[in-house]
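Worksheet for the structure shown next.
The values are calculated or read from the model by the stated rules, or taken from the named source; none is laboratory data. On a predicted model such as this, the values are computed, not experimentally measured, just so you know. Here the Cβ positions follow ideal geometry from the backbone for every residue, glycine too, while neighbour counts run over all protein chains shown.
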Amino acid sequence: MSDLKEEQTVENNELDQHVNDATESTPTPKPIDPNLTGIQLFFEKNKKAITYVGGALAAIVVIFSFYKFYYLPEQEKEAANEIFWAQLYFEADSFNLALKGNVTVMAPEGQKIMKGFETIADEYSITKSGSLANYCAGICYLRTGKFEQAIEFLQKYDGDDNIIAPIAIGAIGDCNMELNRVDDAVKYYLKAADKSTNTFTTPVYLKKAGFAYELKGNYSEALNIYERIKKEYGKSNEGKEIEKDIAKVKALGNI
């Protein structure tokens, strides 16, 4: 029995020693200086959380910097190289090849399979060239009489070019006219006219809106638009001939 007590005493002493050692090794939290106030006090109370958040923010900054200064420029460069070939076929009125690609071209790096506007728009959607590919694909479908597909792609174009942006919207109006959706056509023509007010696109789409109103038999609205062209864009090609349209709708509408 005495041996057992001695063993238990030794074990208990060892356990107490381990507890004491653990207690001694655990750092005692440093008390917060009662004189601290404001941001310093907040930092001391939330030091651990702030450290974790700071690390997360640093990671976000690294990821953002990589995306903005490396990944996106590389994507822009690739997209610009790809769309170059599709635009060559587009300018030659080879709309199906421009859309679908899949033909061999001789690039500076050697032979390659050309990507069409559809693929470029999909694979490089975050780039300016990818957005432009949507516009070009829409025009290709418009030129080949596939108006619903044209609208689908044209609506994806999100560029802000002073000429292309209104043309993209106006082309949606053209598609709706072809589909005999005259009310929708008027809406897009007027939107295109006001998207970027200039002497090139604005009078064109105002004139188209006026003509669409004529088709609807709404001669007073057509007259309002034609008179706007005369007043604001009289020196444009449309403005120089608008007097004939004004006279016509006045006669048809008994105005």
- Query: Is it the case that region 133-155 has a residue that's among the polar types (S, T, N, Q), assigned to a helix (DSSP H, G or I) and within 16 Å of residue 90 (Cα to Cα)?
  - Reply: yes
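The rows are residues; the columns are (1) under 19 Å from residue 135 (Cα atoms); (2) touching a helix residue (DSSP H, G or I) at 6+ places or on another chain (Cβ under 8 Å).
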{"position": "181", "(1), (2)": "no, no"}
{"position": "185", "(1), (2)": "yes, yes"}
{"position": "196", "(1), (2)": "yes, yes"}
{"position": "225", "(1), (2)": "no, yes"}
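Residue by residue through region 90-138, note down the ones that are of a type in the set (S, T, N, Q) and either touching a Lys or Arg at 6+ places or on another chain (Cβ under 6 Å) or outside the structural domain of residue 77 (by TED's automatic domain parsing) (or both).
Within region 90-138, the subset of a type in the set (S, T, N, Q) is 94, 96, 102, 104, 111, 119, 125, 127, 129, 131, 134.
Of everything in region 90-138, just one residue is of a type in the set (S, T, N, Q) and either touching a Lys or Arg at 6+ places or on another chain (Cβ under 6 Å) or outside the structural domain of residue 77 (by TED's automatic domain parsing) (or both), namely 134.
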- Task: Tell me which residues, restricted to region 88-127, are in a helix (DSSP H, G or I), of a type in the set (A, V, I, L, M, F, W, C) and surrounded by fewer than 15 Cβ atoms within 10 Å (Cβ to Cβ).
- Result: 88
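For region 220-255, give me each residue that is among the small types (Gly, Ala, Ser) and part of a helix (DSSP H, G or I). Explain how you work it out, then say what you get.
To start, the set of residues in region 220-255 that are among the small types (Gly, Ala, Ser) comprises 220, 222, 234, 236, 239, 247, 251, 253.
Those that are among the small types (Gly, Ala, Ser) and part of a helix (DSSP H, G or I): 220, 222, 239, 247, 251.
Give, as residue ranges, the helices (runs of 4 or more DSSP H) completely inside region 157-219 that count at least 2 residues that are modelled with pLDDT of 95 or more, under 19 Å from residue 246 (Cα atoms) and out of contact with any Pro (no Cβ under 9 Å at 6 or more places or on another chain).
Details: elements: 164-178, 182-195, 202-216.
Answer list for region 157-219: 182-195, 202-216.
Table: residues versus (1) surrounded by fewer than 17 Cβ atoms within 10 Å (Cβ to Cβ); (2) under 29 Å from residue 144 (Cβ atoms); (3) without any contact (Cβ under 8 Å) to a residue 60 or more places away in the chain.
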residue: 168; (1), (2), (3): no, yes, yes
residue: 171; (1), (2), (3): no, yes, yes
residue: 183; (1), (2), (3): yes, yes, yes
residue: 186; (1), (2), (3): no, yes, yes
residue: 193; (1), (2), (3): no, yes, yes
residue: 205; (1), (2), (3): no, yes, yes
residue: 209; (1), (2), (3): no, yes, yes
residue: 218; (1), (2), (3): no, no, yes
residue: 223; (1), (2), (3): no, no, yes
